[in-house]
1. Could you tell me what percent of the accessible area of the range 475-571 is made up of carbon and sulfur, with a 1.4 Å probe and every protein chain present?
2. Using the heavy atoms of the protein chains and a 1.4 angstrom probe, tell me the accessible area per residue for the range 472-628 in square angstrom.
3. Pop a pseudo-label 7 angstrom from the Cα along the beta-carbon direction at both residue 523 and residue 307 and give the gap in nm to one decimal.
4. How many angstrom separate the Cα center of the range 123-151 from the Cα center of the range 171-208?
5. Give the separation of the Cα centroids, the range 61-107 to the range 569-628, in Å.
6. Nearest 0.05, what FRET efficiency do residue 74 and residue 42 give at R0 = 51 Å with Cβ-Cβ as r?
7. Taking the range 481-545, which trypsin sites (Lys or Arg not before Pro) meet the DSSP loop condition and have no more than 13 other C-beta atoms within 10 Å?
8. What nm distance separates the two modelled labels at residue 299 and residue 429, each placed 7 Å from Cα along Cα→Cβ?
Amino acid sequence: MSNRGLSLARSLQRRILLVASLAVVALSALTFVFVQSDTRARTLSALSDWAVERARFENDLFALAEENLEQFADIYLHQYASAPVVTPEQFWSLYERGPDGAVRMRTAWYEGAWAPEGDYYQHVSSFIGNNQPVTDPDLQRRLVLAARLLAQGGAGWISRFANIHATFPENAITLYWPGTPWGRQADADLRMNELGVVESTLQQHNPDREPVWTGLYYDATAGEWMITYQRPVDRDDRHLINPSHDVPLTRMMERLMEEVPDDGHNFIIRSDGYLVAHPSPPGAEQELLGQLSLEEIDNPAITRAWRLIREQTGGQPGSGDIIHDDAGDAYLAVSQLTGPDWWFVTVYPERPIREAAGTAAAFVLLSGMALLALLIVLIARVLQRDAERPLAQLRDAAVAIEQDRHADVAAGRLPLPEQLGNEVGLLARTFRTMARSIDTARDRLESLVRERTGQLEQANARLRSLSLLDGLLGIHNRRAFDHDLQTVFDEARASRGHFQLLLIDVDEFKLFNDTYGHLRGDDALIRLAGCIQDSIRDTDRVYRYGGEELAVILSQPNAREAAAAAERILAEVRRMQLSFPETEAGIVTVSAGLASYSIEHQAPEDLIREADRLLYQAKAGGRNRLCS
């Protein structure tokens, strides 16, 4: 009897240990998945909020720069319209010509001196390159007015900036810059108005007269990496001056490093691929490159991040967009800065999320194993003290659990010695409760798994669909185009079909947007896309290639029928009669280039280049036509 009881006890111990161990392992695995998902969601939400806050902080700087330079422009224009004429004597009392041929403000005005009109000059310097005559009275007057204005208000305008200065289209500059007499140090043959910073304000390069934030560039005179904000100021269609602020990279880096998330870092980049600020300063070999583009940075991580942001947001990120960088094993939190066309990017590695989930799962596993060990000890003591019948009942219940008959134990269809007041009775009652809990937990888990599996399948289906569609036009996007073009190209190379590529561009669409606004422009694109979609066969497909440019992959049997199909598309667009009286046609029209696949095309890009060349030929030939 005792040997049999001992055998039953050992058998029951082994069974309970096996079942409980599996439950602990399964619970640990589920905990790992849950904790990883929950940690990722909470971390990314916090990261998004943090990026939005940091972008809002950076936007304050841009707003302050715009406010400062707007104030400077208003005061300067008022003084230019009302101040008296500046005599040559007054001009040369401030300036002198050096032996190198350049004209600079005298050193006294930088070190500190009172001018005859009562203004106190300090930290003000100025420079006119040796290629620029200074005999023009108006140039002299504009230079003197700028110097006076900087002397009067410069200290109040540089609270968060290195300096405030004014450049002139005649290769001249006047600066208020404590600690840096830039105008005294510049090389005599420096051609500022031929370099990218000042050149971007000239009327031929900036016809809309928009303020400009530059990318990162090296100021050789100051010996500092800079970004500059400058505002062109005109009067009577004449370019007078550009008030400007410089922000040294060191200050941008200090802000970038403030409150950086663990193991993360920040950088700022222009939407056109020019670096603005990064925690790692550029090397000396890049100082002569001008503004730093992606090709000059030689940083694969930044290049990859820029391309991912452009691809996944269409070049227009919102506030706190989260993008996963698979190659970098990190997340990118992106916010668009409202001042310049810049992106504030926070890079956060995925490793801490995995580590947090692993730590939690390990804790659950160890806790479960410890609890399991304690449970086995208690069971052994109870079984050693009780008789065979209670043990046999427990054995039968354990066998039922092993056979996945949790419901029989939970519902009481199998007897257990629950009436005992000792440990065996407690174990029996606990066993019954455990069976009910397992049965309930299993039902809940199965229901949850079915629900989550269905949700995941629906989400994946939506994501697959959305990733191939253009969010505005409802037609297939560039990603779908690249995939489909490669597919039909491979099939044609294998002699399994023939196809043509039609590139379509809306004529004078910038004028349409400028005249009627982007909402009307978006509506016109939507109607054009729908018209083209309705004009093609079911075997053809239309895509948004980029901006106002659309692409159609045709499967016509030959070039002649493809050209006829393309002409029908152009005719349907004209038949829409979208009013555009500012053009010669009076309606919205399109131009198109049609390229047919041939064995000479070695890659899809060859076909794209041919269609693009024909499209531009159609544009050059007067628009509203097809070239094939």
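1. Whole-percent figure for carbon plus sulfur exposure: 48.
2. For the range 472-628, the solvent-accessible area averages 49 Å² per residue.
3. 3.9
4. Measuring centre to centre over Cα atoms gives 12 Å.
5. Using only Cα atoms to place each centre, the spacing works out to 51 Å.
6. 0.60
7. 496, 537
8. 6.7
The values are calculated or read from the model by the stated rules, or taken from the named source; none is laboratory data. Since we're looking at a predicted model, the values are computed, not measured. Note that each Cβ is placed from the backbone with ideal geometry, even for glycine, and that neighbours are counted across all protein chains shown. Each accessible area value is taken on the protein alone, full model and side chains, heavy atoms only, with ligands, DNA and RNA left out. Shrake-Rupley method; radii C 1.70, N 1.55, O 1.52, S 1.80 Å.
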